[in-house]
2 protein chains.
Amino acid sequence: MTQKAIFYHAGCSVCVDAEQRIATALDPAAYDVEIVHLGSDKGRLNEAEAAGVKSVPALVIDGQPYHINFGADLSALR
Amino acid sequence: MTQKAIFYHAGCSVCVDAEQRIATALDPAAYDVEIVHLGSDKGRLNEAEAAGVKSVPALVIDGQPYHINFGADLSALR
């Protein structure tokens with residue numbers, strides 16, 4: 001059974017790189033990764049913030065946020 | 001063919017969590033992940049720093065550093 005993981009990004013170069021290297025590199029047998037662009041899907045900002053996401057790019061797995069390098073603060077996307 | 005990835009950590013709780021959630025979650029068909037404890041293997045500090053690692057936990061894939069959350073500065077491990 002796969003577990004849900006959500007990768008939040010904002011289209012920045014740091015985000016795109018992390019998406020390619022980490023988010024899409026997770027074991028497909030273990031994780032089902034949803035990619036969410038918070039710049040174009042601002043309706044998901046509250047959900048990301050509630051999960052503890054402070055900046056993008058970030059992965060949320062099992063409710064825990066994992067910030068990968070630094071692209072932009074979440075507050076800059078509102 | 002698998003690609004080499006190196007996960008640098010220092011045994012901290014943030015490190016252990018990132019190891020379990022990200023480093024060991026990479027697709028085993030695509031990545032061969034080596035786990036390096038920089039607290040007990042200080043001989044690898046220069047190599048990590050040369051790859052651009054500033055803090056642990058961090059993954060280095062294809063020569064690029066990906067810092068995952070923040071556990072400790074590399075300088076604190078010397």
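The values are calculated or read from the model by the stated rules, or taken from the named source; none is laboratory data. Since the model is a prediction, treat every value here as computed from it, not as a measurement. Note that each Cβ is placed from the backbone with ideal geometry, even for glycine, and that neighbours are counted across all protein chains shown.
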Before we move on, is residue B:10 crowded, with 17+ Cβ neighbours inside 10 Å, more than 12 Å from every other protein chain (Cβ to nearest Cβ) and more than 23 Å from residue A:71 (Cβ to Cβ)?
yes
Odd one out for residue B:50, checked against (1) over 27 Å from residue A:24 (Cβ atoms); (2) surrounded by fewer than 16 Cβ atoms within 10 Å (Cβ to Cβ)
(1)
Can you name the number of the only condition in (1) under 18 Å from residue A:58 (Cα atoms); (2) surrounded by 15 or more Cβ atoms within 10 Å (Cβ to Cβ) that residue B:31 fails?
(1)
Looking at (1) under 12 Å from the mean Cα position of the chain (by Cα); (2) without any contact (Cβ under 8 Å) to a residue 12 or more places away in the chain, which is the one condition that is false for residue A:50?
(1)
The condition from (1) at pLDDT 95 or above; (2) more than 16 Å from residue A:64 (Cβ to Cβ); (3) in contact with a strand residue (DSSP E or B) (Cβ under 6 Å, 6 or more places away or on another chain) that residue B:2 misses is numbered (1)
Please find, within segment B:58-73, the residue that is nearest to residue B:33 (Cα to Cα) out of those that are touching a residue at least 40 places away in the same chain (Cβ under 8 Å), touching a His at 6+ places or on another chain (Cβ under 9 Å) and within 10 Å of chain A (Cβ to nearest Cβ).
B:59
Has segment B:16-32 got any residue that is touching a residue at least 24 places away in the same chain (Cβ under 8 Å), in a helix (DSSP H, G or I) and more than 13 Å from chain A (Cβ to nearest Cβ)?
no
Only one of B:55, B:40 is more than 9 Å from chain A (Cβ to nearest Cβ) and more than 12 Å from the chain's Cα centre (by Cα). Can you tell me which?
B:40
